[in-house]
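Please treat every number below as a calculation from the coordinates, not as lab data. As the structure is a prediction and not an experimental result, all values here were calculated from the model. Don't worry about glycine lacking a Cβ; one is built from the backbone with ideal geometry, like all the others, and counts go over all protein chains shown.
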Amino acid sequence: MKILILSTPVGTLSSGIGGGVELTIYNLIQEMQRRNHLVKVVAPKGSYLQNADIVGIEGNLHIPAQTQTRDIPTVMPQNSVLGNMWEYARQVQSDYDVLVNFAFDWLPFYLTPFFQSSIAHFISMGSLSDSLDHGMTQTAQKYPLNFGVYTKSQANTFPFANVCECLGSGIDLSLYQFRESPDKKLAWLGRIAPEKALEDAVKASEITQIPLLIFGKIQDEQYWHSIVTQHHQAPIEYKGFLSTIDLQRELGYCQALLMTPRWVEAFGNVAIEALACGVPVISYARGGPAEIIDDCKTGFLVTPDSIEGLVTAINRLPEINRHDCRRSAEQEYSLTTWGDRFELWLKRICSE
Ligand code: UDP
């Protein structure tokens, strides 16, 4: 197949602002190229991925949907980068078998019937906006095969859940080294933004006095500042936004990854990255992580928003065998297994 991937308009690739989508796009390119498909990526200018042929497009970035309330109408910035990316796609569409949309934004859904080429929509988040839900639902009624999601929990947040193809996620396991013996420290990783509720992990670290290493892009500076000032007794250390290679090296030495999503996490790529290093995951039983973690075997699922639950789970960590964590990543989240599902989905869309 000739595949044109259209990235998210909220940030450049490798900036960290796109969150898990950036890793998902990187992995998709890797796996589709390995299967001899031709892949090109359209993304905001300044984007970089080691394995990608990227067409950088000028224009203003979009505001991430999760920073908005559900009821606001769809807005487009002046000289929208997304508009420009899809104008490029319109011009070159006949060179490709399928276009893959990674934008969680109204425009590509609206444009679908106006394109001659097939468009596969990969949806990276749960429902966040009434106007976007409405637009996606209309498109899903006309193109029921073209909607891919990470998980069932994510699909269930949308009115068109029944047509969503659950594709999961996968990582290149050879990049993640298994570590049997951790140091006495915990990890938290992801975009530093309110929907991820980092403050809950910080509170758990404050209570247990086990150091918490924090990795990721500070997306909301004010939010980060308020956490640091309110919890100056907590033994936390901010490590910055690291490359996968550096991240897995640091992560492997941690006793557990804490995941504290306040929202329905669509998947949580960080969960499978931790498991691949042999690191158990302690998460609120909500969204993707609840489908990924085998409770009491590869981590613990905790009552959502319960700090006490996090602390109890931290105390139970010696019950977990880190080999089980790595094994679960190998059995369920390899790039090949995920690639099989993704490739089949794209082929089905192409032959419609
Ligand atoms: N990440 C990274 N370096 C860091 C911290 C995080 O590359 O220092 C990446 C991580 O590998 C993951 C992404 O950030 O792919 C976070 O994605 P996730 O699916 O967990 O959440 P999202 O941000 O999409 O809501």
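Residue count for segment 46-87, restricted to those that are assigned to a loop (DSSP other than H, G, I, E, B) and under 12 Å from THR8 (Cα atoms): 5.
Of all the numbered requirements in (1) of a type outside the set (A, V, I, L, M, F, W, C); (2) under 22 Å from LEU128 (Cα atoms); (3) more than 14 Å from the ligand (Cβ to nearest atom), SER283 misses one, and that requirement is (3). Here GLY268 does not fit the description of being in contact with a Lys or Arg (Cβ under 6 Å, 6 or more places away or on another chain) and either on the phi > 0 side of the Ramachandran plot or in contact (Cβ under 8 Å) with a residue 60 or more places away in the chain (or both). With the condition kept exactly as written, say whether any residue in segment 81-89 is under 27 Å from CYS166 (Cα atoms) and touching a Lys or Arg at 6+ places or on another chain (Cβ under 8 Å). Scanning segment 81-89, I find no residue that is under 27 Å from CYS166 (Cα atoms) and touching a Lys or Arg at 6+ places or on another chain (Cβ under 8 Å), so the answer is no. Evaluated against (1) assigned to a helix (DSSP H, G or I); (2) of a type in the set (A, V, I, L, M, F, W, C); (3) surrounded by fewer than 15 Cβ atoms within 10 Å (Cβ to Cβ), PHE109 falls short on exactly one condition, (3).
Output yes when any residue across segment 239-258 is free of Cβ contacts under 8 Å to residues at least 60 places away in the same chain, within 24 Å of the chain's Cα centre (by Cα) and more than 9 Å from the ligand (Cβ to nearest atom), and no when none is. The answer is no; no qualifying residue exists.
One residue alone among SER226, SER205 is crowded, with 16+ Cβ neighbours inside 10 Å, more than 21 Å from the chain's Cα centre (by Cα) and of a type outside the set (Val, Ile, Thr), and that residue is SER205.
Mind checking which residues of segment 13-37 are part of a loop (DSSP other than H, G, I, E, B), within 14 Å of the ligand (Cβ to nearest atom) and among the polar types (S, T, N, Q)?
Answer for segment 13-37, where residues must be part of a loop (DSSP other than H, G, I, E, B), within 14 Å of the ligand (Cβ to nearest atom) and among the polar types (S, T, N, Q): SER14, SER15.
Using the structure shown, decide if ASP305 is more than 16 Å from the ligand (Cβ to nearest atom) and of a type outside the set (S, T, N, Q). Against the criterion (more than 16 Å from the ligand (Cβ to nearest atom) and of a type outside the set (S, T, N, Q)), ASP305 qualifies.
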